[in-house]
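The values are calculated or read from the model by the stated rules, or taken from the named source; none is laboratory data. Owing to the predicted nature of the structure, the values given are computational and were not obtained by experimental measurement. Here the Cβ positions follow ideal geometry from the backbone for every residue, glycine too, while neighbour counts run over all protein chains shown.
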Amino acid sequence: MVGAEVDYTGIVNKVHRPDIFREVAKEVGTAAPAEDLKKEVFFDGVEFDPGDPEKYAKSFAVNSLA
(Lines give C-alpha, C1' and ligand atoms only; values in the text may rest on other atoms or scores of the structure.)
Protein backbone atom coordinates (compact mmCIF):
# COMPACT_ATOMS: atom_id res chain seq x y z
CA MET A 1 0.00 0.00 0.00
CA VAL A 2 1.17 3.51 -0.80
CA GLY A 3 0.84 5.77 2.19
CA ALA A 4 1.52 9.26 3.43
CA GLU A 5 5.22 8.48 3.81
CA VAL A 6 5.69 8.72 0.02
CA ASP A 7 7.77 11.74 -0.98
CA TYR A 8 5.74 12.76 -4.03
CA THR A 9 7.68 15.98 -4.55
CA GLY A 10 10.95 14.04 -4.38
CA ILE A 11 9.68 11.65 -7.05
CA VAL A 12 8.62 14.54 -9.28
CA ASN A 13 12.06 16.10 -8.91
CA LYS A 14 13.70 12.83 -10.00
CA VAL A 15 11.61 12.33 -13.14
CA HIS A 16 10.79 15.90 -14.17
CA ARG A 17 14.02 17.11 -15.75
CA PRO A 18 13.63 20.51 -17.39
CA ASP A 19 17.42 20.75 -17.56
CA ILE A 20 17.53 17.84 -20.02
CA PHE A 21 14.59 19.23 -22.00
CA ARG A 22 16.26 22.66 -22.29
CA GLU A 23 19.53 21.09 -23.45
CA VAL A 24 17.83 19.06 -26.18
CA ALA A 25 15.58 21.96 -27.21
CA LYS A 26 18.66 24.13 -27.64
CA GLU A 27 20.39 21.44 -29.72
CA VAL A 28 17.44 21.20 -32.13
CA GLY A 29 16.77 24.94 -32.20
CA THR A 30 13.45 24.87 -30.33
CA ALA A 31 12.45 27.38 -27.69
CA ALA A 32 11.91 25.97 -24.21
CA PRO A 33 9.12 27.19 -21.90
CA ALA A 34 10.10 29.85 -19.39
CA GLU A 35 8.48 27.92 -16.52
CA ASP A 36 9.94 24.68 -15.23
CA LEU A 37 7.01 23.58 -13.10
CA LYS A 38 3.61 24.29 -14.56
CA LYS A 39 0.31 22.47 -14.65
CA GLU A 40 -0.04 20.00 -17.50
CA VAL A 41 -2.84 17.83 -18.85
CA PHE A 42 -1.45 14.38 -19.61
CA PHE A 43 -2.61 11.86 -22.19
CA ASP A 44 -5.17 10.52 -19.70
CA GLY A 45 -6.92 13.90 -19.57
CA VAL A 46 -6.09 14.40 -15.90
CA GLU A 47 -4.36 17.59 -14.85
CA PHE A 48 -0.97 17.21 -13.18
CA ASP A 49 0.19 20.02 -10.92
CA PRO A 50 3.84 19.50 -9.93
CA GLY A 51 3.13 21.61 -6.86
CA ASP A 52 0.62 18.97 -5.68
CA PRO A 53 1.69 15.59 -7.10
CA GLU A 54 -0.26 13.66 -4.46
CA LYS A 55 -3.51 15.05 -5.88
CA TYR A 56 -2.67 13.47 -9.25
CA ALA A 57 -1.89 10.12 -7.62
CA LYS A 58 -5.22 10.20 -5.79
CA SER A 59 -7.15 11.18 -8.94
CA PHE A 60 -7.21 7.65 -10.32
CA ALA A 61 -10.29 5.52 -9.69
CA VAL A 62 -8.05 2.70 -8.51
CA ASN A 63 -5.52 3.67 -5.86
CA SER A 64 -4.58 2.62 -2.39
CA LEU A 65 -4.22 6.10 -0.97
CA ALA A 66 -6.61 6.88 1.83
Checked pairs for the stretch 35-49, first of a type in the set (A, V, I, L, M, F, W, C), second outside any loop (DSSP other than H, G, I, E, B), C-beta under 6 Å and 6 or more apart or across chains, list as Val41/Glu47; Phe42/Phe48; Phe48/Glu40; Phe48/Tyr56
Kindly establish whether Lys38 is basic (Lys, Arg), surrounded by fewer than 13 Cβ atoms within 10 Å (Cβ to Cβ) and modelled with pLDDT under 85. yes
